[in-house]
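Novice: One structure, pasted below without further comment.
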Amino acid sequence: MSETANLTARLTALANPTRFLALAGSLLPWLGGAAVLVLVVGLGMAFAAPEDYQQGITVRIMYIHVPFAWLAMFCYTLMAASALGTLVWRHPLADVALKAAAPIGAVFTALALVTGSIWGKPMWGTWWVWDARLTSVFVLFLMYLGIIALTRALDDQSRAARAAAILTLVGFINIPIIKFSVDWWNTLHQPASVFRLDGPTIHPSLLWPLLISAVGFTLLFLALHLMAMRAEIWRRRVSAMRRMSARAAEGKLAEGRAS
Amino acid sequence: MLALYVREVRLGIRAGSGALTGVLFFLAVVAVIPFGVGPDLNLLARIGPAILWIGALLASLLGLERLFQADREDGSLDLMLIADGRHMLALTVFVKCLAHWTANVLPLVAVAPLLGLFMNMPPAGLAAATLTLLVGTPAITFIGAVGAALVVALPRGGLLVSVLILPLSIPVLIFGVAASRGAVAEPDPFLPAFLILLALTLFFAVIGPAAAALALRNAD
Amino acid sequence: MRLAAEALSGERGGEVIFSDTSFAVASGEALLVKGPNGAGKTTLLRILAGLLRPAAGRLALTGGGEQWPDIRAACHYLGHFNAMKTALTVEENLVFWQRFLGQAQTTVSEALETVGLEDIGYLPFGYLSTGQRRRAAIARLLVSHRPVWLLDEPTAGLDRASEGRFAELMRGHLREGGMIVAATHLPLGLEGARELAMGARRDGHDAPIRSTP
């Protein structure tokens, strides 16, 4: 009983944007530093790792491509969780988290597409293949852009937040369906002849650098996300202050008229 | 609820020429394709089902943004929201979607066989394409309702609706085209794709109105 | 039946427009909400109708039994807009609302007669003048029964004679044990109606809001 009350109190304290700003401010340098450190180690290991006997040096792009693709999905999951927070608990930070994450997620998804395409050029001989995976990520990218467009289109903050939350959740429910249908479509049109990453196994000498750089990019994402959330909260404060000063000016005008 | 359906269909037929514009747009889209890909009848027959589906998909997006906007502008939406306890809002949205489909999308399905003739499609292909459109287009309207509800407060949200819901309607397009092609191209199956299409429509008939109702309730 | 609001506050676009407003209305009573533009009259009515969430405070309808569990279920809301389709005739509009809202009370033709539109029920709503449109919207209050009427500037666009007739309608509704909460600038001709004065905010501080009995 007291424990749940304690937990609620702690969550409420976190919900306070001022408390959050202070926490984010003290956390950010550590997170950013850790991200840089882990990325240096991970990417360093990636370049030290042996080349693939078939793909040669091009396999190294995997060490950034796979983390980007992972983060594209991770970010959407995080946004769906924030969407629940906005709609169910009306948590004030949840919609900030959702709005701040969308552009970062879109950039990571775009990077995953670009690196995938660069990787594909020597492998497939063409920049783009309507491979099931690439296509699904492409649709995910379109969904990110839709969410960003929706949040930009509505100027009322809380309304935009709830609309984006609903769209995010509807998209989240649809992702498995889209993935399934794209797979079906792909097998119907292209018998599985394209190169696939999930081949037999990945050798441990390749796996370790991959995991470490994935952790590094995840830390980087978290740092960027915290930064974007902080900026969003400040932006909202500025707009609230502007509105208040507009009101104050009107009040002065009314007083002047009265006297 | 029947009263709502009758009213909405009546409005769709009486107010403006939404259905006619949609049909004309469908016709125009299908008519420009041969100019783009050339008049090769074999090629047209092969891509025919896809063209019909894409044309119908785009045409059924027209006018979707007015689905709730018109009701919001004249205050009807407020009364529908207040009546939530009597008629569940999601059900109201569902009925509105059905009426919108009847008045605006059903005419598209009706002219689809005619347009299929331009595409040199065989009779079986025509029948299959029309049947898949009949079963699949309601799903687009149900997803579209979510988009329409999200942008209900925006004066010019039409383009945004399309941007938001086109990615979500990809599965419907895939299985619609797969089924209608399966009916004529021998190795491809018709029934599995058709049944999945049916399942998608049923799924969106639940998800769409529920999400749209949530969005409408939060639009203010 | 009794409608009570306790320490209600409302916000619009993240800004608190009014706060700490309390009042109660019992059967047969009317409450006139007055105040300058931007004082939050419409917001208050929309909160009562359940269209907006109150930022704080409580709202309750007691004594409504199973039929009228909350204000939303028990209210007619007449907002700034008439909720009528211009492409349908007046009668079609009213028949739809009667069937959609349920609890049929008077017939559509009786209601049209009461508001003086009996001769033009067959016309599309779009052909009506502003005052006639408002009267058609008022006829909607009559075709279905609701104990609580939430009226937002109900007499906007009405002429003197129609105002008088509408006042008579409201008095009849109150005599039958109904309740009215109306936001208005103009006198509605309801004797003994209580007033709730809502003040506009200045300098970001709340003006005192008082309820005069």
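The values are calculated or read from the model by the stated rules, or taken from the named source; none is laboratory data. If you're wondering where the values come from, they're calculated on a predicted model, not measured in any experiment. So basically every Cβ, Gly included, is an ideal-geometry build from the backbone, and we count neighbours across all protein chains shown. Surface accessibility is based on the protein's heavy atoms, side chains included, excluding ligands, DNA and RNA. Shrake-Rupley method; radii C 1.70, N 1.55, O 1.52, S 1.80 Å.
Novice: For the interface of B with A, what's the total buried accessible surface in square angstrom, probe 1.4 angstrom, rounded to the nearest hundred?
Specialist: Adding both sides of the contact gives about 2500 Å².
Novice: Continuing with the same structure: Please name which of C:L128, C:L112, C:V33 has its Cα lying farthest along the dipole of the range C:2-212 towards the positive end, using unit charges on Cβ (Lys, Arg +1; Asp, Glu -1) and the Cα centre as origin.
Specialist: C:V33
Novice: Now a separate question. Taking Cα atoms of the protein assembly as shown, Rg/Rh with Kirkwood Rh, to two decimals? Kindly include the intermediate steps, with their values, before the conclusion.
Specialist: Values: Rg = 29.7 Å, Rh = 28.8 Å.
Looking at the protein assembly as shown, the ratio lands at 1.03.
Novice: If you average 1/r over all unlike Cα pairs in the range B:2-217 and invert the result, what Kirkwood radius do you get in angstrom?
Specialist: Its Kirkwood hydrodynamic radius stands at 17.6 Å.
Novice: What does the highest-first list of B:41-50, A:60-69 look like by mean Cβ count within 10 Å?
Specialist: So the peptides B:41-50, A:60-69, ranked by packing, come out A:60-69, B:41-50.
Novice: Could you give the size of the charge dipole of the protein assembly as shown about its Cα centre, using +1 on the Cβ of each K and R and -1 on the Cβ of each D and E, expressed in debye and rounded to the nearest 20?
Specialist: For this selection, approximately 1140 debye.
Novice: Turning to a different aspect of this structure: Summing Lys, Arg as +1 and Asp, Glu as -1, what charge do residues with Cβ under 15 Å from the Cβ of A:R159 carry, A:R159 excluded?
Specialist: Net local charge, A:R159 excluded: +4.
Novice: Within chain B, what whole-number % of the accessible surface is contributed by carbon and sulfur, with the 1.4 Å probe and all protein chains included in the calculation?
Specialist: On the way: 6150 of 8270 Å².
Exposed carbon and sulfur together represent 74 percent of the surface.
Novice: Ignoring ligands, DNA and RNA and using a 1.4 Å probe, state the total buried accessible area between A and C in Å², rounded to the nearest 100.
Specialist: 800 Å²
Novice: Distance between the C-alpha centers of the range B:173-220 and the range C:162-190? Whole Å please.
Specialist: 51 Å
Novice: Skipping prolines and chain starts, which residues have an amide H placed within reach, meaning under 5 Å, of the one on C:E195, given they are 5 or more residues away or on another chain?
Specialist: Close amide H contacts, sequence-distant or interchain: C:L32, C:T212.
Novice: Measuring from centroid to centroid over Cα atoms, what is the spacing of the range A:140-193 and the range C:56-71 in Å?
Specialist: Comparing the Cα centres of the range A:140-193 and the range C:56-71, I get a distance of 40 Å.
Novice: Counting pairs on different chains as well as pairs 8 or more places apart, how many Lys pairs in the protein assembly as shown have Cα atoms under 29 Å apart? Please list the in-between numbers first.
Specialist: Values: A:K99/A:K179; A:K121/A:K179; A:K252/C:K34; A:K252/C:K41; B:K96/C:K85; C:K41/C:K85.
Pairs that pass both the separation and distance tests number 6.
Novice: Next up: Tell me the label-point distance for the pair C:T130, C:A60, using the 7 Å Cα-to-Cβ offset, in nm and rounded to one decimal.
Specialist: 4.2 nm
Novice: Please list the three semi-axes, largest first and in whole Å, of the ellipsoid equivalent to the range C:61-133, using sqrt of 5 times the eigenvalues of its alpha carbon gyration tensor.
Specialist: In descending order the semi-axes read 27, 13, 11 Å.
Novice: Another question about this same structure. Considering only B:T132, B:L57, A:V36, whose Cα is most displaced toward the positive end of the charge dipole of the protein assembly as shown, charges sitting on Cβ of Lys, Arg (+1) and Asp, Glu (-1)?
Specialist: So the residue furthest toward the plus end is A:V36.
Novice: Provide the net charge surrounding B:A3, with neighbours chosen by a C-beta distance below 15 Å and charges set as Lys +1, Arg +1, Asp -1, Glu -1.
Specialist: +3
Novice: In the protein assembly as shown, with Lys and Arg counted as +1 and Asp and Glu as -1 at Cβ, which of these residues, B:L159, A:T18, A:G85, has the Cα nearest the positive end of the dipole, that is, farthest along it?
Specialist: Positive-most Cα among the choices belongs to A:T18.
Novice: How many angstrom lie between the C-alpha centres of the range B:10-72 and the range C:101-142?
Specialist: 39 Å
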